[in-house]
Structure formats: structure tokens, C-alpha cells
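Asker: I have a structure here, written as C-alpha cells, and I will follow up with some questions on it.
The values are calculated or read from the model by the stated rules, or taken from the named source; none is laboratory data. Quick caveat, the model's predicted, so the values are computed rather than measured. Cβ placement follows ideal geometry from the backbone for every residue including glycine, while neighbour counts extend to all protein chains displayed.
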């Protein structure tokens, strides 16, 4: 099952839908933590289900009926004969679990603020809800505040399979903590890989070699590379028409051509709440490290190392410059192996792009920011709530067990390819969207990488029982041995060396990753003021970068941020933080 973490663009979604066979869920991984979600005594609701034993995949006899809704993506395509109401998942639920799944409604449009979110908002406001409710974090908070979400603590403790529990425990169980209120787990998170959002820097290695530059080990190296790519004619056309670093108009959002990794090289975190010297949480965007990073960026802009028109160029426009060989370095993520790099390879197979971990400006290790282990803005892959008062709340856990087993049960023997995408699949049909409850393996991608690495370097054939490893290994060999250009993206993404996931593996191996220390619902002042503060920050940083404002304007930004709601938010965040202890 493919999915996109955070803000992406439609072109990427379309491209990634073409590789669902080799990696069929979120392109994410997570740290190897053994912590389990917090649990408490079984609730009377769970105990009152005599028809179902404690078997994680036990069948209801007689069958029960549950309802849900489905929110689809605009590019989703389904095989003839498959509908939201009748498909392999609904058939399997009845056959194997004794659950008849009723679909109250379905809608196309799963983007934030789209038709799916709007329709669910109406359903919540009118209390016209199914038993199983897919929601984003904002909607989850509405349900919790109105006492409409069933406590799933005991259900997870009693019914979750070992496989599902391993998913929920990733990253110290942080995803479950985000859906825990007052000590009760009030939603099942669709766990995502925290580490998969980590930034990295992609560099034209052929340009490095031509200019006899070292691979980046420090921020000084990055600055020197940017300067050389701008001024030393790396493409050899005797023109000064290349830029050192690619950048889009939003400067630090989107996971491509943004400055997140650059800022983190100076230990600056533009939107995280971090533990300060006094033990309280502070907002990273207003810390002194940010001013230092902006100072360097302004110097680079004045030196002509950014496209002077970046302020009006989205990712698509910047991509044109990368494909045409006018940009030799950019910060992004592992999935850039699928977009935009295959377009570059088609245009110029001699262009060698290699990713590197983010590097530091001093003697302290640079640590990338990573996610919370869930996608809070997603209305269809964020959280799943069981409507309070509905019968059989443990069924939501059984449905998650079922998904996990069919998709990832390589060790249990539960994997069933009939539930996966068709093979071959020229029409890019998908099946996972039909599932009522998703349970993604956050370690899927790192397991694929490590499996491919073991097979390539040690000829370890035992890893082939994981079919995702087998498929990716096969495609990797098609590129490296058979020179199949269609498998360039796979090799660049999952190859044992110089690939997107070799960098992710480096982060995991060295336990590098910092998460937002505030993972609660938006505070009252955040709801009222956050959008204003975010706009202020983006505008202020962009003006400083471009030299329209002096670096000292950062101090005025901090002052305004505090006055316009930042101080109030800081107090609310720390009140929440204290309550968690």
C-alpha cells in the first residue's frame, strides 16, 4: 500500500502508484523499539462480547454487522467488479472474521480540506456516524471532546496480535500516545514510520568528481559545493548558468527542494517543540540557531547560489531546472529516488545523484527531525475511532490484525497475495483502499532495504520469504545487471549503497532522530493563531533569505511571534507537557 507522508503533489502520487508491487505501503520505517502501548484494566464493553474469544483473528459466530465509510484518493483505480461495498476485503471479513461490513457512504477526495474531510465534518456535527470512523487529528479531538469515541485501551491489550502490537510499539509507542487522552486510547492510529520523514541532501556526484570536490562531511563542505556548482561551470558549457542549491517558493515544506535539512545542519528546527535548558518546551523556530542558519542562507542568495526567481517557483518548476542540469544539489527525502530523479536519468544517464546524511556546522552531530509515527492531517490514514456505545469495539482491533496478517504476515504464513495489487498491473489498480481498518508496518521499508542489502552483499536467501524484499531485489538486479532503465528508481531508493534508504539506515543505526515533544491536540490559541504565526514565519524567513530584510529582522520576528500568540501557545504547550509527567 502506497501512501504519502505529509504534503505531497499529485504527480508524485501517480508515479508512486506504479511501484506498489515492490513497496506496497507507506514509504516509511521506524526505530526498533520494544515498548508496548500503555494499557489498563479491561472495560466492561470489551468483556461483554461472548461470541468472540481472545483469538486475534477469532471469528464471530453468529456473524455481526458493523458500518464504516470510505474516502478514496482522486487517482485510485479499482479492478472491474470491485466496489466499496463488495470486494476481497469485505468478502474476507465475512468469511474469516464473521463480520458483515456495511458501507454507509463513500467519497472521492482524501486531501486535507477536501470532499472526504468535509463530509466527515458534517457527519460528526450531525452525529450521523458509522461504527468505524476514519478521522484526522482535528476530527479525533472533536470526537473526544464530545465523548463520542470508545475507549480501546483494553481491546488493544487483549486482542491485538503480536504483529499489530509490534507496529504500535514502534518509536516508543509514540503513535498510540498521540491518540491517548486521559490515560485512555481513544483511537487506533494508522502507524507510520517516523524516520521516513528525515531530510537528506542529494548531490550530483559526477559534478563533485569533475570539480575534484570532497563528498559533504560538514556544512562548510556544503557551502563550498554550492559555491563551486554556481561558479566553476560544473556542466562544462562555458556559461555561468547553474545554481548551487535547489529551492522552492515555500522554502521549508514539501520534502523536496526545501531547507529543512539545511536548517538542521545548524541545529535549527523550524516547527518543533523541543526541551530547553530549563526543562520546559521551547519553539524551535524562534531559537538563536535559526538566525545563524538564515544568515548563511542570505549570504548564499546574495552570492547567486539560488535561482533568483525561486520565490515564484513551485516544485514542478524547480524540477525543470534539475532535469535540464542547472541545479546540482538539493535537500529532500528518500522518496526523491522516485521523483524527480528518474526524469533526470532519462534526460542524462550520466548524471549521478547520490544522497548523503545531513551534516553539521560545528562539532555537534546533526540530528534530523522525524515524524510522530502517524500522519495527523490524513483523514483516511490518520486514525480510526470506534463509535462510543456501538457493540464489539474489539472488532476494530481484529480488523487491524487481519490487515496486518494479509499484508505483512510473512512469518505467520498469513500473507495472501489475493489481497494485494494484481500482478501484472498495467492499469495500476489498488486493493488496500477497500480495507475498513489499515495496519501498516512502519518498519516495512527499512526491512526491505536491509533484506536487499543482505541478499546483495551476503547472498542471504532467507530474506526472500519477505515478498517485498524479493520483488525489490529482483528489480534492483534488473537495473544493475541487466541495465533495465525502468528500475532506476528502485535501485536509487533501496540499493545497498548510495541510495535513499542507505541514508535512512545510517540514521537508524546511529539512533539519529528528534521528534516534536508536543504531540497533543492543538491548543486553544493554536486553533486561533497558528495560521497567522506560520504565515509570519514564512514571510519573515523568506525576506531575510532574499536580503529584502536584514538578518536583524529575525529579532523583530521573534518579538512579534510572541506578542501575536506565541507566548500564550508556549504556556499552553508547557501546561500540557507538565500534565504528561
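Asker: Of the residues that make up the stretch 206-219, is at least one surrounded by fewer than 22 Cβ atoms within 10 Å (Cβ to Cβ), more than 29 Å from residue 263 (Cβ to Cβ) and more than 18 Å from the chain's Cα centre (by Cα)?
Answerer: No: the stretch 206-219 contains no residue that is surrounded by fewer than 22 Cβ atoms within 10 Å (Cβ to Cβ), more than 29 Å from residue 263 (Cβ to Cβ) and more than 18 Å from the chain's Cα centre (by Cα).
Asker: Go through 440, 468 for me and flag whichever is part of a loop (DSSP other than H, G, I, E, B) and under 29 Å from residue 371 (Cα atoms). Please lay out each step first, then the result.
Answerer: Details: 468 fails: part of a loop (DSSP other than H, G, I, E, B).
Every option except 440 fails the conditions.
Asker: Looking at residue 131 and the list (1) within 30 Å of residue 54 (Cβ to Cβ); (2) more than 24 Å from the chain's Cα centre (by Cα); (3) surrounded by fewer than 17 Cβ atoms within 10 Å (Cβ to Cβ), which single condition is not satisfied?
Answerer: Of everything listed in (1) within 30 Å of residue 54 (Cβ to Cβ); (2) more than 24 Å from the chain's Cα centre (by Cα); (3) surrounded by fewer than 17 Cβ atoms within 10 Å (Cβ to Cβ), residue 131 misses just condition (3).
Asker: Is at least one residue of the stretch 269-282 under 17 Å from residue 514 (Cα atoms), out of contact with any helix residue (DSSP H, G or I) (no Cβ under 7 Å at 6 or more places or on another chain), surrounded by 22 or more Cβ atoms within 10 Å (Cβ to Cβ) and modelled with pLDDT of 95 or more? Write out each step before concluding.
Answerer: Going through the stretch 269-282, the residues under 17 Å from residue 514 (Cα atoms) turn out to be 269-277, 279-282.
Now narrow it down to the ones that are out of contact with any helix residue (DSSP H, G or I) (no Cβ under 7 Å at 6 or more places or on another chain): 275-277, 279, 282.
The next check asks that each one be surrounded by 22 or more Cβ atoms within 10 Å (Cβ to Cβ); those that pass are none.
No: zero hits.
The rows are residues; the columns are (1) farther than 22 Å from residue 380 by Cβ; (2) out of contact with any strand residue (DSSP E or B) (no Cβ under 8 Å at 6 or more places or on another chain); (3) surrounded by fewer than 22 Cβ atoms within 10 Å (Cβ to Cβ).
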{"position": "138", "(1), (2), (3)": "no, yes, yes"}
{"position": "141", "(1), (2), (3)": "no, yes, yes"}
{"position": "146", "(1), (2), (3)": "no, yes, yes"}
{"position": "151", "(1), (2), (3)": "yes, no, yes"}
{"position": "156", "(1), (2), (3)": "no, no, no"}
{"position": "160", "(1), (2), (3)": "no, yes, no"}
{"position": "175", "(1), (2), (3)": "no, no, no"}
{"position": "183", "(1), (2), (3)": "yes, yes, yes"}
{"position": "195", "(1), (2), (3)": "yes, yes, no"}
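Asker: If you scan the stretch 311-336, which residues turn out to be surrounded by 23 or more Cβ atoms within 10 Å (Cβ to Cβ) and farther than 28 Å from residue 195 by Cα?
Answerer: Scanning the stretch 311-336 gives no hits.
Asker: Scan the stretch 531-543 and tell me whether some residue there is touching a strand residue (DSSP E or B) at 6+ places or on another chain (Cβ under 6 Å) and either buried (at least 16 other Cβ atoms within 10 Å of the Cβ) or in the same structural domain as residue 306 (by TED's automatic domain parsing) (or both).
Answerer: Narrowing the stretch 531-543 to residues touching a strand residue (DSSP E or B) at 6+ places or on another chain (Cβ under 6 Å): none.
Taking every residue of the stretch 531-543 in turn, none turns out to be touching a strand residue (DSSP E or B) at 6+ places or on another chain (Cβ under 6 Å) and either buried (at least 16 other Cβ atoms within 10 Å of the Cβ) or in the same structural domain as residue 306 (by TED's automatic domain parsing) (or both).
Asker: Please work out if residue 509 is closer than 25 Å to residue 196 by Cβ, out of contact with any helix residue (DSSP H, G or I) (no Cβ under 9 Å at 6 or more places or on another chain) and either surrounded by fewer than 18 Cβ atoms within 10 Å (Cβ to Cβ) or at pLDDT 95 or above (or both). Can you show your working first?
Answerer: Values: closer than 25 Å to residue 196 by Cβ: yes; out of contact with any helix residue (DSSP H, G or I) (no Cβ under 9 Å at 6 or more places or on another chain): yes; either surrounded by fewer than 18 Cβ atoms within 10 Å (Cβ to Cβ) or at pLDDT 95 or above (or both): yes.
Yes: the conditions hold for residue 509.
Asker: Now, a different point. Which residues, taken from the stretch 314-325, are within 28 Å of the chain's Cα centre (by Cα) and under 17 Å from residue 344 (Cβ atoms)? Don't jump to the end; show me each part of the working.
Answerer: Going through the stretch 314-325, the residues within 28 Å of the chain's Cα centre (by Cα) turn out to be 314-323.
If the condition is that a residue be within 28 Å of the chain's Cα centre (by Cα) and under 17 Å from residue 344 (Cβ atoms), then 315, 316, 317, 318, 319, 320, 321, 322, 323 are the ones that fit.
Asker: Considering only residues that are without any contact (Cβ under 8 Å) to a residue 40 or more places away in the chain and either outside the structural domain of residue 296 (by TED's automatic domain parsing) or under 21 Å from residue 224 (Cα atoms) (or both), which ones fall in the stretch 307-361?
Answerer: 308
Asker: Can you go through 223, 211, 245 and tell me which one is at pLDDT 95 or above, touching a strand residue (DSSP E or B) at 6+ places or on another chain (Cβ under 7 Å) and over 30 Å from residue 172 (Cα atoms)?
Answerer: Details: 223 fails: touching a strand residue (DSSP E or B) at 6+ places or on another chain (Cβ under 7 Å); 211 fails: touching a strand residue (DSSP E or B) at 6+ places or on another chain (Cβ under 7 Å).
Of 223, 211, 245, the one residue that is at pLDDT 95 or above, touching a strand residue (DSSP E or B) at 6+ places or on another chain (Cβ under 7 Å) and over 30 Å from residue 172 (Cα atoms) is 245.
Asker: Given the structure, is residue 399 assigned to a loop (DSSP other than H, G, I, E, B) and either under 26 Å from residue 185 (Cβ atoms) or assigned by TED's automatic domain parsing to the domain that holds residue 92 (or both)? Working first, answer last.
Answerer: Numbers: assigned to a loop (DSSP other than H, G, I, E, B): no; either under 26 Å from residue 185 (Cβ atoms) or assigned by TED's automatic domain parsing to the domain that holds residue 92 (or both): yes.
Criteria not met by residue 399.
Here's the yes/no breakdown for (1) surrounded by fewer than 18 Cβ atoms within 10 Å (Cβ to Cβ); (2) over 25 Å from residue 249 (Cα atoms); (3) in contact with a strand residue (DSSP E or B) (Cβ under 7 Å, 6 or more places away or on another chain):
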residue: 490; (1), (2), (3): no, yes, no
residue: 497; (1), (2), (3): yes, yes, no
residue: 502; (1), (2), (3): no, yes, no
residue: 524; (1), (2), (3): yes, yes, no
residue: 547; (1), (2), (3): yes, no, no
residue: 563; (1), (2), (3): yes, yes, no
residue: 566; (1), (2), (3): no, no, yes
residue: 579; (1), (2), (3): yes, yes, no
